[in-house]
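Take a look at the structure set out below.
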Amino acid sequence: MLIVWLLALISCTPSPPGYTKVGDDLYLSLHRFGDEGLELCDAYYVDLTCKLWRVREKREDYHVDYGFQQVDPEIFGDPELSVQVCGLHAGDSVSYILPYGKLKGALIDEYESDGYMPQDTALIRLDIAVLRLWDEATYMQSREEALREGIVEENTFLRENLEQRGLMALCQQVGDAYYMKTRET
């Protein structure tokens, strides 16, 4: 009878203050709603920030910005956590409390990367802020725009450098390239 009572007591353990139970030993606190567009695991490219804390600590252990192309849900470790994170939208900001064992070995497990391994039962707070989600067309367009901006910047730098050295009169510009005749034959 004592065992039944203890199991009932353990299963009735309340969620941490400000958190809602969303899975087995997995608790969620929503800080900010994002947009209703693309979900994280459906995006072609994802920018997000993760912070990892040991629950009783006053400051984060790790603060990492990630950029992922075509997210595989397994990077978040535990399947219940993966389902939760995959449903996030751009602008969402959430915290999860979970035992380290659910995060252990995942791509976002910065503890393992550093060789510091908390006990599997140690409670970890995982903060996730989804900065941006892109579909493939939008991502490719942004990369193309960045490339064009880089070319314009490079051409401006090259032209200014040639002018400062007094070499512009010797150059012929063809498209984005400058040709200089160095010797007549």
remark   = Filtering the range 97-123 down to residues that are part of a loop (DSSP other than H, G, I, E, B), over 19 Å from SER15 (Cα atoms) and of a type in the set (S, T, N, Q) yields GLN119
key: the range 92-112, subset over 13 Å from the mean Cα position of the chain (by Cα) and of a type in the set (Ser, Thr, Tyr), residue modelled with the lowest pLDDT   = TYR111
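Residue under question is GLY115, and the condition is that it be modelled with pLDDT of 85 or more, within 25 Å of ASP25 (Cα to Cα) and assigned by TED's automatic domain parsing to the domain that holds ARG32; does it hold? So that I can check it myself, show each step before the final result.
Details: modelled with pLDDT of 85 or more: no; within 25 Å of ASP25 (Cα to Cα): yes; assigned by TED's automatic domain parsing to the domain that holds ARG32: yes.
Here the answer is no, as GLY115 does not meet what is asked.
Please enumerate the residues belonging to the range 155-185 that are in a loop (DSSP other than H, G, I, E, B) and among the acidic types (Asp, Glu). Steps first, answer last, please.
Our first condition is that a residue be in a loop (DSSP other than H, G, I, E, B); within the range 155-185, this holds for 165-167, 175-176, 181-185.
Selection gives ASP176, GLU184.
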message = Just to check your reading of the model, which residue among VAL152, VAL94, VAL71, VAL130 is over 20 Å from TYR27 (Cα atoms), hydrophobic (A, V, I, L, M, F, W, C) and outside any helix (DSSP H, G or I)?
response = VAL71
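Could you please let me know if GLU160 is closer than 24 Å to GLY67 by Cα and surrounded by fewer than 12 Cβ atoms within 10 Å (Cβ to Cβ)?
Working: closer than 24 Å to GLY67 by Cα: no; surrounded by fewer than 12 Cβ atoms within 10 Å (Cβ to Cβ): yes.
Against the criterion (closer than 24 Å to GLY67 by Cα and surrounded by fewer than 12 Cβ atoms within 10 Å (Cβ to Cβ)), GLU160 does not qualify.
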ask   = Which is more than 30 Å from VAL64 (Cβ to Cβ), under 33 Å from the mean Cα position of the chain (by Cα) and at pLDDT 85 or above, of GLU136, GLU154, GLU144?
value = GLU154
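The values are calculated or read from the model by the stated rules, or taken from the named source; none is laboratory data. The shown structure was predicted, so the numbers you read here are calculated from the model rather than taken from an experiment. Ideal geometry is used to build each Cβ from the backbone, glycine not excepted, and the neighbour counts take in all protein chains shown.
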